[in-house]
Amino acid sequence: MIRHIKIARIQQGVTTDPAVTATVTDLLKQVEEGGDAAVRQLSIKFDGLDRSSYRLGDSEIKACIDGLTKQERSDLDFAQTQVRNFAEAQRATMLDLEVETLPGVVLGHKNIPIANVGCYVPGGKYPLLASAHMTVLTAKVAGCDRVITCAPPFKGEIASKIVAAQALAGADEIYVLGGVQAIAAMGYGTETIRPVDMLAGPGNAYVAEAKRLMFGQVGIDLFAGPTETLVIADDSVDGEIVATDLLGQAEHGSNSPAVLITNSEKLAKDTLAQIDRILEILPTAAVAGKAWEDFGEIILCDTIDEVIAEADRVASEHVQVMTEDPDVFLDRMKNYGALFLGARTNVAFGDKAIGTNHTLPTLKAARYTGGLWVGKFLKNCTYQRVLTDEASAMIGSYASRLCHMEGFVGHAEQANIRVRRYGRINVPYGSAVKAS
């Protein structure tokens with residue numbers, strides 16, 4: 001039997017606030033029509049930063065890199081090495097293909113990098129420099145020719161650590177721009193910013209809505225919502241580590257769901273007590289506590305089958321599994337952004353340093369997509385080649401009849417002319433090739 005020890009006061013929805021949509025639509029239009037002047041006006045209004053050019057020069061970028069301490073540089077290098085290594089391993093699995101499917105018929109595909117990519121790195125509440133690794137570096141490993149980045153200023157100044165991370169990741173152009181104006185500038189282009197073909201990276205509700213509305217004009221990586229975490233645990237761990245993992249992600253925002261699914265009532269009650277204790281000392285308790293109050297859940301199950309069913313129903317962005325046999329969930333779960341298997345790992349490792357990408361599906365999108373990875377920056381494009389007259393005539397005869405079944409006479413004639421020329425068979429114009 002499945003029952004709730006704690007129920008969320010607010011259920012996360014997938015609909016966008018109409019007021020946000022209206023605001024973002026207006027801001028996008030301003031940039032599309034006003035170009036650089038509109039970008040500058042909005043940057044002054046929302047970020048308090050007035051520059052003649054929002055693209056950083058080489059000396060500014062160098063100053064950001066030089067401003068890192070030796071330890072900060074070492075830590076950034078470590079994180080980026082892990083992300084690069086895993087992205088390169090993923091890229092190596094994506095092979096071009098060419099196969100002769102029938103005598104004289106060759107089909108294939110190529111994995112072609114997207115030429116121009118724009119990466120957004122959030123920096124309003126927290127300067128999320130890790131997002132530079134996850135977007136810029138992954139796109140560069142994919143082979144994208146031009147990767148540009150935007151990040152807002154932090155407290156009115158250039159977010160120097162974000163800029164350093166962007167530069168070290170290989171960004172070709174770096175802009176100190178935030179919010180909807182950044183998304184619009186990259187997507188539409190301006191007098192000084194060449195438009196991109198794809199937008200990637202997380203952001204607040206306005207940035208997410210801007211990407212959603214830009215989709216079609218450009219490609220996007222994901223429709224992103226608030227950070228989500230799900231912990232699956234049994235009596236092999238205690239409430240302190242469960243509470244730490246729940247609140248550690250709830251601090252992202254007051255609307256971040258944090259859910260525990262367990263088969264242990266003892267652990268459920270211990271976790272509740274530990275959450276109360278940790279919220280007394282956690283510096284980000286105002287945010288994390290509000291998220292837990294409104295969106296936190298504890299679900300108690302009797303069986304592993306129930307746990308797996310509930311976990312797949314929740315379809316969380318992050319799933320931390322701390323059970324006696326976590327591989328059961330690796331083998332059987334279907335809906336998740338990323339799994340963190342065993343108490344030795346956790347979501348923060350994935351967010352910052354271990355090497356997997358932290359841009360992941362939210363709002364139950366894990367039912368139909370995975371997260372950002374090197375493959376998102378590649379287009380799988382097919383081709384075909386017919387090597388012999390006999391193959392062309394043979395395929396043409398099938399295509400001719402199939403086109404007529406659908407009423408496409410013009411399509412059929414594309415096939416028929418090959419049958420006539422390469423098969424030397426007289427097919428009356430507008431007729432289907434007769435089966436032999």
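The values are calculated or read from the model by the stated rules, or taken from the named source; none is laboratory data. All values reported here derive from a predicted model rather than from experimental measurement. FYI the Cβ positions are ideal-geometry reconstructions off the backbone, even for glycines, and counts take in every protein chain you see. The area values use the complete protein model at the heavy-atom level, side chains included, leaving out ligands, DNA and RNA. Shrake-Rupley method; radii C 1.70, N 1.55, O 1.52, S 1.80 Å.
Would you mention how many residues in region 312-325 are surrounded by 16 or more Cβ atoms within 10 Å (Cβ to Cβ) and in a helix (DSSP H, G or I)? Spell out the reasoning first.
Here is the first cut: in region 312-325, the ones surrounded by 16 or more Cβ atoms within 10 Å (Cβ to Cβ) are 312, 314-323.
Within this subset, residues satisfying the condition of being in a helix (DSSP H, G or I) are 312, 314.
Of the residues in region 312-325, 2 are surrounded by 16 or more Cβ atoms within 10 Å (Cβ to Cβ) and in a helix (DSSP H, G or I).
A Cβ distance below 6 Å, combined with a sequence gap of six or more or placement on separate chains, defines the contacts here; from region 1-12, residues that are under 19 Å from residue 308 (Cβ atoms) reach residues that are open to solvent by 80 Å² or more (accessible area, probe 1.4 Å) and of a type in the set (D, E, K, R) in the pairs 1/302. Within region 129-136, does at least one residue satisfy the condition of being touching a helix residue (DSSP H, G or I) at 6+ places or on another chain (Cβ under 6 Å) and either more than 30 Å from residue 252 (Cα to Cα) or without any contact (Cβ under 8 Å) to a residue 12 or more places away in the chain (or both)? No: zero hits. Condition first: out of contact with any strand residue (DSSP E or B) (no Cβ under 6 Å at 6 or more places or on another chain), within 26 Å of residue 355 (Cβ to Cβ) and not polar (S, T, N, Q). Can you find one or more residues in region 184-203 that meet it? Within region 184-203 (the criterion being out of contact with any strand residue (DSSP E or B) (no Cβ under 6 Å at 6 or more places or on another chain), within 26 Å of residue 355 (Cβ to Cβ) and not polar (S, T, N, Q)), the answer is yes, since at least one residue qualifies.
Hey, does region 258-275 have a residue that's more than 14 Å from residue 4 (Cα to Cα), assigned to a loop (DSSP other than H, G, I, E, B), β-branched (Val, Ile, Thr) and open to solvent by less than 60 Å² (accessible area, probe 1.4 Å)? Scanning region 258-275 turns up no residue that is more than 14 Å from residue 4 (Cα to Cα), assigned to a loop (DSSP other than H, G, I, E, B), β-branched (Val, Ile, Thr) and open to solvent by less than 60 Å² (accessible area, probe 1.4 Å).
Yes/no matrix, rows are residues, columns are (1) within 25 Å of the chain's Cα centre (by Cα); (2) farther than 28 Å from residue 221 by Cα; (3) basic (Lys, Arg); (4) surrounded by fewer than 12 Cβ atoms within 10 Å (Cβ to Cβ):
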{"site": "61", "(1), (2), (3), (4)": "no, no, no, no"}
{"site": "67", "(1), (2), (3), (4)": "no, yes, no, no"}
{"site": "70", "(1), (2), (3), (4)": "no, yes, yes, yes"}
{"site": "80", "(1), (2), (3), (4)": "yes, no, no, no"}
{"site": "100", "(1), (2), (3), (4)": "no, yes, no, no"}
{"site": "103", "(1), (2), (3), (4)": "no, yes, no, yes"}
{"site": "117", "(1), (2), (3), (4)": "yes, no, no, no"}
{"site": "129", "(1), (2), (3), (4)": "yes, no, no, no"}
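I need the full set of residues from region 244-257 which are touching a strand residue (DSSP E or B) at 6+ places or on another chain (Cβ under 9 Å) and either closer than 17 Å to residue 7 by Cα or among the basic types (Lys, Arg) (or both), in order please. Answer for region 244-257, where residues must be touching a strand residue (DSSP E or B) at 6+ places or on another chain (Cβ under 9 Å) and either closer than 17 Å to residue 7 by Cα or among the basic types (Lys, Arg) (or both): 246, 247, 250, 256, 257.
The one condition from (1) within 30 Å of residue 302 (Cα to Cα); (2) open to solvent by 10 Å² or more (accessible area, probe 1.4 Å); (3) without any contact (Cβ under 8 Å) to a residue 60 or more places away in the chain that residue 155 does not meet is (1).
Please count how many residues of region 297-311 are within 13 Å of residue 229 (Cα to Cα) and either open to solvent by 30 Å² or more (accessible area, probe 1.4 Å) or in contact with a Leu (Cβ under 6 Å, 6 or more places away or on another chain) (or both). Reasoning before the result, please.
Narrowing region 297-311 to residues within 13 Å of residue 229 (Cα to Cα): 297-298, 311.
Cutting the leftovers down to either open to solvent by 30 Å² or more (accessible area, probe 1.4 Å) or in contact with a Leu (Cβ under 6 Å, 6 or more places away or on another chain) (or both) gives us 298.
So the count comes out to 1.
Residues that are without any contact (Cβ under 8 Å) to a residue 24 or more places away in the chain and assigned to a strand (DSSP E or B) within region 211-222 comprise 215, 220, listed in sequence order. Of all residues in region 297-336, which are acidic (Asp, Glu) and over 24 Å from the mean Cα position of the chain (by Cα)? Listed by number, the residues that qualify are 297, 302, 305, 306, 324, 325, 327. Reported count of residues in region 58-102, each being part of a helix (DSSP H, G or I) and farther than 20 Å from residue 167 by Cα, is 5.
Hey, could you check region 159-199 for residues that are part of a helix (DSSP H, G or I) and of a type outside the set (A, V, I, L, M) and say which is surrounded by the most Cβ atoms within 10 Å (Cβ to Cβ)? By that ranking, first place goes to 166. Of the residues making up region 35-56, those that are open to solvent by 30 Å² or more (accessible area, probe 1.4 Å) and not hydrophobic (A, V, I, L, M, F, W, C) are 36, 40, 41, 45, 47, 48, 50, 51, 52, 53, 55. Residues that are touching a residue at least 24 places away in the same chain (Cβ under 8 Å), of a type in the set (Val, Ile, Thr), surrounded by 23 or more Cβ atoms within 10 Å (Cβ to Cβ) and within 22 Å of residue 370 (Cα to Cα) are absent from region 233-253 altogether.
Here residue 339 clears all of (1) within 14 Å of residue 244 (Cα to Cα); (2) under 29 Å from the mean Cα position of the chain (by Cα); (3) free of Cβ contacts under 8 Å to residues at least 60 places away in the same chain except the condition numbered (1). Among the residues of region 200-210, those that are in contact (Cβ under 8 Å) with a residue 40 or more places away in the chain and assigned to a helix (DSSP H, G or I) comprise 205, 206, 207, 209, 210. Any residue in region 204-216 that is over 16 Å from the mean Cα position of the chain (by Cα) and either of a type in the set (Asp, Glu) or open to solvent by less than 40 Å² (accessible area, probe 1.4 Å) (or both)? Looking through region 204-216, none of the residues is over 16 Å from the mean Cα position of the chain (by Cα) and either of a type in the set (Asp, Glu) or open to solvent by less than 40 Å² (accessible area, probe 1.4 Å) (or both).
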